[in-house]
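Worksheet for the structure shown next.
The values are calculated or read from the model by the stated rules, or taken from the named source; none is laboratory data. Keep in mind that this is a model prediction, so the values were computed, not measured. In this analysis, Cβ positions are derived from the backbone assuming ideal geometry, glycine residues included, and neighbour counts consider all displayed protein chains. Heavy atoms of the whole protein, side chains included, go into the accessibility calculation; ligands, DNA and RNA do not. Shrake-Rupley method; radii C 1.70, N 1.55, O 1.52, S 1.80 Å.
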Amino acid sequence: MNNNTGFVVTDDGVVVVGSGSSYRVAEMIADAVATVTDAPITHVINIGSQDHRWLGNGWFLEQGAEIVALERTARTQEEFAESHMNRSLRVLGEDAMAGTEPTVAPEPIEADSHSLEVGGVEFDMMYVADAHFPGDILLHLPGEEVVFAGDVVYVERIFGIHSWSDPAGKVKNFQRIEALDPEIVVPGHGAAVDLETARREAGEYLERLVSEVRAGLEDWETLDETVERLADWPDFEHLLHYDQWHRRNVNQTYLILEARM
Amino acid sequence: MKNPHQWIPVFLLLSLFAPPMMAATGVDRPIEEILEPIALTDRVYYFYGSTESR
Ligand SMILES: [Zn+2]
């Protein structure tokens, strides 16, 4: 399990945030929840479309939980379902994926934001812009002062910009998190942190990446020139996977922003 | 107190035996450890996944 998931114990049951990478992991999540409370899991909120955020949906649905997702998120899940299943089968193996059927929310919500109240806890689901995947959302629990940021925020490790990511959208998402001003940010990967740490480890990198690449494009720099100019960022070298991802991120961000100019 | 510099060669030596992929794959932890709920508030918990990249 290489991503964060979470759960919230309300007065009327448990709300799980992210269903895990497989049928089997979903069951393990439920077992872990049971070490904290006997209350049943009533809802599972999907905040993203990467394999490890939703491939466990099927198990929870079988147990009678409601899967809550915005239409945009569900649509991306459907689009990527086959490739994510193939990749998981290849990387994790048939055994690990046994029982896993890509299952999107049966009744996704056709709106860009949705609030639900479960047992005295308010959950605000908000789509700000496409981020790591199209249709990624933030989940704000105003009463708890917690934001589940999903793959908008990574701490400890660098994030990867993929061809389907929207780096400028990620910046907008990060700015929204700052406006929400939570006490705690639960990143998609890496330990839960305060806002300041999230800014230092992810927000600043994101903003700098987008603004520097944009400046290069405006100056008619070639891809190679931009990658060369931004090749080394000592401020972020401490992040895990920096060597593997930083230059790729500059490269990918250039291509994505160029296509939108 | 020992001179901390004496330790440097030991770490250098150890690093020779460290798996070379460590930096590239991140630090993984057993799933049992990952699936220990960490309380953030009275109601909110999370599972701190490994930082491995895949
Ligand atoms: Zn992720």
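Things worth noting here:
- Residue with peak Gaussian network fluctuation, chain A [Cα springs, cutoff 10 Å], from A:126, A:28, A:85: A:28
- FRET efficiency estimate (nearest 0.05) - Cβ-Cβ, residue A:183 to residue A:117, R0 22 angstrom: 0.60
- Whether region A:21-142 is rounded, prolate or oblate, judged on the alpha carbon gyration tensor where a/c under 1.5 counts as rounded: oblate
- When accessible surface is computed with a 1.4 Å probe, chains A and B are found to bury approximately 2600 Å² between them, both chains counted.
- Charge dipole (region A:6-193, unit charges on Cβ, about Cα centre) - positive-most of A:49, A:92, A:139: A:92
- For the peptides A:178-184, A:100-106, A:51-57, A:127-133, residues were scored by their other Cβ atoms within 10 Å and the scores averaged per peptide; the highest-first order is A:51-57, A:127-133, A:100-106, A:178-184.
- Share, in percent, of DSSP beta bridges within the protein assembly as shown that are antiparallel, nearest 5: 65 percent
- Linear extension gain, residue A:258 paired with residue A:38, 0.36 nm per residue minus alpha-carbon span: 74.0 nm
- Considering only A:206, A:230, A:138, the Gaussian network model of chain A with Cα springs below 10 Å gives its largest mean-square fluctuation to A:230.
- Carbon/sulfur fraction of accessible area - the protein assembly as shown, other protein chains in place, 1.4 Å, %: 51 percent
- Förster-model FRET efficiency, 35 Å R0, residue A:244 and residue A:79, C-beta, rounded to 0.05: 0.85
- The protein assembly as shown: C-alpha pair distances exceeding 23 Å, %: 57 percent
- Average partner coverage of A:27-37, which counts Cβ from other chains inside 10 Å: 3
- In chain A, the DSSP-assigned H stretches of four residues or longer account for a calculated mean residue ellipticity at 222 nm of -12000 deg cm²/dmol, using -39500 (n - 2.57) per stretch and the full residue count as denominator.
- Calculated FRET value between residue A:107 and residue A:31, using beta carbons and R₀ = 35 Å, to 0.05: 0.80
- For peptide B:32-43, the mean count of partner chain Cβ atoms within 10 Å of a residue's Cβ comes to 6.
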